[in-house]
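Working notes for the structure below.
The values are calculated or read from the model by the stated rules, or taken from the named source; none is laboratory data. Given the structure is predicted, the values throughout are model-derived calculations rather than measurements. Cβ placement follows ideal geometry from the backbone for every residue including glycine, while neighbour counts extend to all protein chains displayed.
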Amino acid sequence: MFKHFFTTELKYTFKQPMIYIFTLLLGLLVFFAVVSDNVTIGGSVGNVFRNAPHIIAVYTGVMTIFGLIIATAFFNNAALRDHQNQFNEILFSTPIKKSGYFFGRFFGALILATIPLLGVFLGILIGSALAPAFGWIEADRFGEFYLSSFVNNYFLMILPNMFFAGAIIFAFANIWKNTVISFVGALAVIVAYIISGTLMSDIENESMAALLDSFGIRTYSFMSKYYTPVEKNTLGLQITPILIYNRLIWFGLGLIILLSSYFSFSFKQKNKKVKAEKNEKAVSRTPFILPKVSINFSSATSWRQFRSFFYINFLSIIKSTTFKILIIFSLLMFISNLAGGFEYFGLQSYPVTYKMLDIISNVSGLFTIIIVVFFSGELIWRDKDNNINEVIDATPHQSFISLIAKVTSLVAVTIVLYAFFVLSAVIYQLGTGYTRIELGLYFSDFFVSYLGYYIIYSMVLVLIHAMVSNKYIGYFISIALIFALDILLLIADIQSNMISLGATPRIIYSDMNSFGPALVSSIWFNFYWISFSLICLFLATMMWKRGTQANFKEKLQLMRKGMPKSFKISFFFVIVIWLGLSSFVFYNTQLLNEYDTSDERELLSVEYEKTFKKYENVDLPKVAAIDYFIDIFPYKRDAIVKAEVTLINSNETAIDSLHFDCNSSWDTEITITGAELVFEDEDFDYRIYKLAKPFMPGDTIQATINTSYITKGFENQVSNTSIVENGTFLNNFQVLPSLGYNENVEISDNNTRKKYDLPEKERMPALEENCGPACDKNYLTGGLSDFIDVETVISTASDQIAIAPGALIKEWEEDGRKYFHYKVDHPSMNFYSFISARFEVAREKWNGVDIEIYYDEKHNVNIPKMTDAVKKSLSYYTENFGPYYHKQCRIIEFPRYSTFAQAFPGTMPYSESFGFIINLEDESENNVIDAVIAHEIAHQYWAHQVIGAEMQGSTMFSEGFSEYSSLMTMKNASNDPMKMREFTKYDHSRYLRGRSNEIEKEMPLYKVENQGYIHYGKGSVILFALQDYIGEENVNKAMRGFLEEYRYKGPPYPTSLDFLTFLEPQVPDSMKYLIDDWFKEITLYDNRMMDATYKKVEEGIYEVNLKIESKKIKADSLGNETFVPINDWIDIGLFVDADESELLFQRRVKIDQENMEFTFVVDTIPAKAAIDPRHLLIDRVFKDNIKSVKEELAQ
Amino acid sequence: MSKLTISQLSKTYPNGVKALDNINIEIDNGMFGLLGPNGAGKSSLMRTLATLQEADTGSAHLDGIDILNQPDELRKVLGYLPQEFGVYPRVTAEQLLDHMAILKGITKKSERKEMVKYLLDKVNLYDKRKKAIKGFSGGMKQRVGIAQALIGSPKLIIVDEPTAGLDPSERNRFYNLLADVGEKVVVILSTHIVDDVRELCTNMAIMNLGEIVFKGAPQTAIEDLSGKVYQKIVKREELDNYAKEYSIISNKMVGGKPLIHVFSESNPGDGFEQVQPNLEDVFFSKINTSNILV
C-alpha cells in the first residue's frame, strides 16, 4: 500500500512539467554563480575554488530556502490532490490503509521536494566543466571534485530540511485544506530562520543561533567560521557535534509534527456544521413593482463605480486570512529586527527614526512584494475563481475603471501595511523612552522610497495577469520578472535605472542631510516609471477580456478592437508624457551625467594601466606646502578650489616635465610659470607639462591649481556624497590632482588581472631590512610629500561652519558667506579633510589643547562622553608616548554615507551613524565612543607623528598601535580585567573571521599588507597580551623610543623591523619566543580545560585539581596548519562566579606538554576554572577553555 | 415593447465544436424558454447575448442596440444570472447588491438603498442582509443572484438554469417574480427542466448541437404531436429490440420496469397505448432524432 502511493506520487509528478522547471531553475542559478563573477549566492567566492566543498555547502544551504517554496507545492499537492479533485470521498471509502496512504504520499513528496535541489549539484558540475572549457573562468579556479560533499549535503542538509519543512506543510495542508495556508506554513519556517539569524548578529548567541536554525545554514557558517582556505577547499560540510544536534532537534521536531498530524488525520470528513435554516415567513404575493430609480452614466458614475470596486477589493484583501497572517509575520520579523537591532560591540543605538526606517525597509520589502505579487493575481482572478466574473463583466462599467480600482486597492493595502509598521516603530520608540518621534519623516519616506515602487509594480503585475490565461503562469512571470530581470541586467552589465523596472537611485536618509542628493533624481525616476506603468495599465485594459476566457493570441486581437475616444486620448496623452519624461531622464542620467558600469570601470582601469604604466618611475617633485582657497556652495552642491602648491625637487637629477593625474569629474586647470601642456589624455585627464628650463634638485616651483566640482542636473546613481547640502566632507586627494601615475587605479585582484593579461601584482612591496630608497616613501603619501605646511581659507554658506586643518586664525563674513582661515600648527602629513555643515560646537580646554566637538543639533546626547573620551586618551598618550603637537583636537560629525571615523592632523571626522547615537546610559557596557575616539586620537601619534615606509608591516604601527592604545586607554579607565576580555573578544573574532575570509594570503603581523583583520584584530590582541606578559611600561617604553627616533622625520621612513629593534631589549630572555611566535609567525593555540574538580580539605581550604590540554599550532600563509611542541607560559585561573566576572585565583604556568595537571589550594569554592582565563592568546575555540568546577567524588 | 432579433448567429470553438450554428430567432416581451440538453449551446447563446462571448458571424439586436458591436449599450439594460452564480467571500448580501446597483448606474444613494431593500425583501433575504453570502445555502445564493439580475430597469433579462438548487416553494416564488417582470421586458430562461418552460413560457425554442431544432409556442408543439405518441411497459431485456423497431422518444422506469414512449403516425399495436403527448415528449422527439436509447 505504501509502495503504491509512494510510486504513484512520483509517477504523477514526473509527468508534470513543474519538477523539471524547478530543477532547471535552481540549476541555472547555481550554474551562473559558478561561471560568472556577477552572480553570487550567499556572498562572494573569494580565494577558494569555485567548486570548493565550502561553496557547495553554502549554495546548497541558500538554495534550500528557495527549495522550500518549491517543496510546498509538492507536499501541498500530495496532501490535497484528491481533495481538490473531489476524489477524496470516493478514494477514502475504498479499503485503503491510512498509514500506507499518509506516509506513501508524504515520503513521495519528500523525495520529489529534494529533486529540484539536485539542480545545485548539476549546476556546479556543468559549470565547472564548461567554464574552463569556454575560457569564462581560469581552470586553476577549480579544484578537485569530492563526491562526499554532494552526499553530505544531500543527507545532512537537503533531506532533513525538506523533511522538517515538509512535515509542517503537510500537516497544515491536511488540517486546513487550503493552498494559501500551506504557503503560510512554508513562510513560517523561513521567518523562524530569519529570527534565528538576528540572534546571531551578536557573538554571544552564535551557538544558540546555530542550533535554532532549522535550515542548518547558520550551523554551517558557525562551524566554518574559522575555516582556512585550505579547509574550505577540502572539507565543506562535515559531521560535527553541533550539526548533529541541530539536525536531530529539527528532525525530531519534524517527526513529532508528522506523527501528530498522522494520528489526527482521518479519512472521514469533518462533520460540517449544518445550521437548520429558520422557517422563512411566507411572503404574501404582491405585484412586483421595482422602485423607480434614475440611472445615468456619466463620469460621476465612473467615479462612483471606481469607489465601489475599490472598496470591495480593498476589503477583500484586508479581511483575508492571508493578509492577516502576513501582518502577523511581518510584525514578528519587525520585532526580531528590533531585538537584534543595531548591535555594535554589544551596544544598541538610540532608536532614531532613520534606524526605524531602515528596519521598516528590511522587513517591509519582502512582505510588501509578497502582498503585491500575491494579491495582484488574486484580484485579477478572484471574480473568475468565485464564479462571479460573468455577472460583473456584464455590467455597464468600463474595464479601465475596474483595473485602476484593483491597482489602487493594492497600493492602499501597502499603505495600510506601512502605517502598521510606523505604528509599531513609534510604539517601540516610545517604549524605550525615546521621544523625538518624527512622524513627518515616516510619512515623507513612504512617498520618497516606497509609494512609486508599489504603484509601478501593482500596475505592471496587473498587466501580466491580464495578458496570461492562467493564474499560475501569471504568478510565475511576476516572480521571474522581479528576480530574473535583475540577474539578466547584471549579466548584461546594464545599470541604468531606466531599464530595471521601478528602479530609482538609492536614497540614504541622514539625520544631518535628510534625503540627500538622491532625492531629486529619485522623484524624476518615479515619475518616469509611473507613467510607464500607466501605459501598462492602458494595455491591460485593452487586453482585458470580459466574459469567457481567451488565450494570449485572442487578447492581442482584442487590442485591435476599438476603444472609446476618451480612452484613446488619455492613452496618447500618457504615452506623450512618458516619452517626455524618458528623454528628460535620459538627458540627465546618460548624457549630462555619464557614468561607467562596473565592467566598464574594470576595462578603464586596465586601459589606464596599459597606457600609463610607463610613467610609473618618472622623477616627480614633492609637495612642500599648500595654500588652499576653497569655496563650498553646499546648497548648489558645488565646490571651487584654488590651491597654491609649492613643489620641491628632492631627487638627485633635474626634472624636465611634470605629470598630473586629474580627477575627471572635477574641472581642473593647472598653471605653472614656464611650463607648457604637451600631453593631455581625454579619457583619463592625464596631463604632462613640459618645463621651459629644467627643475634642478633642491629648487622649488609654484603651481596654481584651480579645480571645481559643479553639480549638473541629476544622476542615475549619486556619484558624489562628499559635497552635499549639510555635511560636505572632502579630503585633499579628492580636491587636487595627484602627481604622476596613480597606482591605486590598477586592478588589485590577481584573478581579474590574469583575465586581462596583466602581470600579477603584489599587494605591498616586500619588507626590507636596512632598506635604501624603498624607505623614502611613506605608505600614506607615496613619496609625493613628507611633512608639510598647510594654510586654508575656506568659505561656505552663511548658516554653516567650515573646518580645515589647523588653528583658526580668522573668521569673517563677506557677501553673505562665511569665511574661515586655518593654519596647521606643526608640519604634518599631506592628508586633510575639508568639512562644512550646520554645526553645534561643544568646546573645552585641556592642558592648552582646544577640545572641540562639532555635531548636529539632534545628536547632543553623547557629547559629554566624547569630550571625556578625548581627555582620557590625551592624558594616557601624553603620559606614555609623548607630547601632542596640535593646539586643537576636533571631533567632527559627518553624514552616514560612510560609517567610519578617520584621523587627519588634529581633526577627526566621525560618522553620525555610530558613536553619536549609541545608547551609553548603561555604564557597565563596553564604551564604543571611548574605543573609537581613543583609536583616532592615537593616530595623531601612530600615523601622523610616525608613519611607516610603503612596504609590508607598516600598518602594524599605525593601525595596530592605535588599536592597542585604545585598549590601554580603556584598561586604564575601567581597571577591570574581565571587562577587557569583553572588549578584546571582538578583536579576537575580527582576526579569526578575517583570516578565514582571506582571499590571498595571511601574513604574519610584522609583514601585514594593509589587512584589517591582521593590523586591527591580531595587532591589538598581540600587543595587549604582550603588555600583560612583559609589562605595560616595557611595551610603552619600546613604543616611545621608536616614536622619539622617527617623530615628524622625513625619509627614510621606518619599518616594522625598526620597531622590533626597540622592542627586543624590553623582552626578557624567557619571553623572547613571543617575538617570533606572535610577530614573525602565525601562531594559534588550542587550549582546553579537560576536567576541573575540587575537594574540601577543611573549612576554608579547598584543593583544586585542573586537567588541561594545550596545543600550539603554526599556520602558513595559505592556512595550512601544523602542530608544534608546546613550551609556553599560559595563565590558569579560577572564577568566583559562574558569570566569570571576578577572578579568584590566577597563575601563569609553564606548559611544556600537551596534557598537564595542576593542583593548588584556595580558600573558597570556585565556580569555574579556566586556562587563559582572560583570553589573551589567540585560541581558535575559546569556549572550551572554561569549565565549571565540580566536587571530586570520594573514592 | 422590446424586441430581440437574432440572425444567422454562428460560433465555432477552436477545437472544432459548433456551439452556435446559424441561429435565427425573434423574441418579444415575455418569458421565452430555451430548452436543450447539456452541451446543446444554450449557455453559448446566452453568453453571447450577455456580451460575454464573441460570435463568428451573424448579428443580434435588442431594439436599436447592436449587441455584438455595442456591448456597453446593452450592458446598461441587461440583467444576467449565469448558470453558476458565485459570490465574493466576506461580502454581505446588502454590500453585493449595493455594489451591483452602482455598477448598473444607480448613483443616488437613497434610490440604491430602496432598490436593494425592495429586492432583498422580494427574494425573502431581508433578514439576512448583513450576513456574508459565502455562508448561504445554494438556494439562498441563487436568490441573491436573482435579485442582482433585477437591479435597475433591465430590458433584457437572461437567466441560465435559475432554479437549480431551489426547493419547490422557492422555485414557485421565483417564477412569480419572473412572470411579473416578464410582462414588460424580454426574459430568456434557459433550462433543461421541461416543466419550467411549460409553466412559464409563452414561447420557446429547443436547441440541440448548436442548432435551433424547434421554435414556437409550447402548446403548438404539443398539439403537433397529438395522437402520435404511444407508450408501453416493456421488459428490460427487450429494450434493444424495441429500439430497432420503433422510434423511441424516451424511456423511463416505472415500478422497476422501463416505460417507453414511441413516435408513430399510426397505432403500432403490440400492446402500445396512445397517450396524450406532453412537452417532454416534444423535447425528446426534437432532440432524439437518431433513434437511440436515452
Strands (runs of 3 or more DSSP E) lying entirely in the range A:789-841 (those with 1 or more residues that are free of Cβ contacts under 8 Å to residues at least 60 places away in the same chain and within 30 Å of A:G1050 (Cα to Cα)) | A:807-814, A:817-823
Inter-residue pairs, beta-carbon under 7 Å, first assigned by TED's automatic domain parsing to the domain that holds B:V144 and on the phi > 0 side of the Ramachandran plot and in the range B:90-112, second modelled with pLDDT under 95 and of a type in the set (G, A, S), 6+ apart = B:R90/A:S316; B:R90/B:A132; B:G105/B:G152
Selection count where residues are more than 10 Å from chain B (Cβ to nearest Cβ) and either loosely packed, with under 14 Cβ neighbours inside 10 Å or at pLDDT below 90 (or both), scope the range A:291-316 = 1
Hey, can you tell me all the residues within the range A:973-1013 that are polar (S, T, N, Q) and either out of contact with any helix residue (DSSP H, G or I) (no Cβ under 7 Å at 6 or more places or on another chain) or crowded, with 17+ Cβ neighbours inside 10 Å (or both)?
-> A:S974, A:N975, A:T984, A:S989, A:S996, A:N997, A:Q1011
In this structure, is A:S500 surrounded by fewer than 22 Cβ atoms within 10 Å (Cβ to Cβ), more than 29 Å from A:S402 (Cβ to Cβ) and modelled with pLDDT of 80 or more?
-> yes
Criterion: of a type outside the set (S, T, N, Q), within 24 Å of the chain's Cα centre (by Cα), buried (at least 23 other Cβ atoms within 10 Å of the Cβ) and within 26 Å of A:I788 (Cα to Cα) - qualifying residue of A:H935, A:H944 | A:H935
Do we have any residue at all in the range A:998-1013 that's under 30 Å from A:P1065 (Cβ atoms), assigned to a helix (DSSP H, G or I), aliphatic (A, V, I, L, M) and touching a residue at least 60 places away in the same chain (Cβ under 8 Å)?
-> yes
Does A:L237 satisfy the criteria of being modelled with pLDDT of 85 or more, in a loop (DSSP other than H, G, I, E, B) and more than 14 Å from chain B (Cβ to nearest Cβ)?
-> yes
Flagged in the range A:594-622 as assigned to a loop (DSSP other than H, G, I, E, B) and among the hydroxyl-bearing types (S, T, Y), in numbering order, are A:Y595, A:T597
Failed condition for A:Y595, given (1) within 33 Å of the chain's Cα centre (by Cα); (2) modelled with pLDDT of 95 or more, with all others met?
-> (2)
If you take the residues of the range A:381-396 that are within 8 Å of chain B (Cβ to nearest Cβ), under 24 Å from A:L534 (Cα atoms) and in contact (Cβ under 8 Å) with a residue 24 or more places away in the chain, which of them is farthest from the chain's Cα centre (by Cα)?
-> A:P396
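Where in the range A:1-108 are the helices (runs of 4 or more DSSP H), entirely inside, with at least 2 residues that are at pLDDT 75 or above?
Where helices (runs of 4 or more DSSP H) fall fully within the range A:1-108 and carry at least 2 residues being at pLDDT 75 or above, they are A:2-14, A:18-35, A:53-84.
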Within the range B:137-153, identify whether any single residue is more than 23 Å from the chain's Cα centre (by Cα), assigned to a helix (DSSP H, G or I) and either free of Cβ contacts under 8 Å to residues at least 24 places away in the same chain or facing chain A (nearest Cβ under 7 Å) (or both), and answer yes or no.
-> no
Filter pass, A:L366 being modelled with pLDDT under 90 and assigned to a helix (DSSP H, G or I) = yes
A careful count of residues in the range B:154-177 that are within 10 Å of another protein chain (Cβ to nearest Cβ), of a type in the set (A, V, I, L, M) and surrounded by fewer than 23 Cβ atoms within 10 Å (Cβ to Cβ) gives 1
Pairs, first on the phi < 0 side of the Ramachandran plot in the range A:741-764, second aromatic (F, W, Y) and in a loop (DSSP other than H, G, I, E, B), C-beta under 9 Å, six or more apart = A:V745/A:F684; A:I747/A:Y756; A:M764/A:Y779
Somewhere in the range A:135-153, is a residue surrounded by 24 or more Cβ atoms within 10 Å (Cβ to Cβ) and polar (S, T, N, Q)?
-> yes
Answer from A:F447, A:F443, A:F483 - the residue that is closer than 22 Å to A:A405 by Cα, assigned to a helix (DSSP H, G or I), of a type in the set (A, V, I, L, M, F, W, C) and free of Cβ contacts under 8 Å to residues at least 40 places away in the same chain | A:F447
Residues that are under 22 Å from A:F288 (Cα atoms): which strands (runs of 3 or more DSSP E) entirely in the range B:172-265 hold 3 or more of them?
-> B:186-191
Residues located in the range A:503-554, provided they are within 14 Å of chain B (Cβ to nearest Cβ) and either among the aliphatic types (A, V, I, L, M) or not in a helix (DSSP H, G or I) (or both) | A:W544, A:K545, A:R546, A:G547, A:T548, A:Q549, A:A550, A:N551
Selection status of A:E1099, free of Cβ contacts under 8 Å to residues at least 24 places away in the same chain, out of contact with any His (no Cβ under 6 Å at 6 or more places or on another chain) and either farther than 26 Å from A:S962 by Cβ or in the same structural domain as A:P1166 (by TED's automatic domain parsing) (or both) | yes
Of the residues that make up the range A:397-410, is at least one more than 14 Å from chain B (Cβ to nearest Cβ), β-branched (V, I, T) and more than 36 Å from the chain's Cα centre (by Cα)?
-> yes
Out of B:Y88, B:Y80, which single residue is among the aromatic types (F, W, Y) and surrounded by fewer than 24 Cβ atoms within 10 Å (Cβ to Cβ)?
-> B:Y88
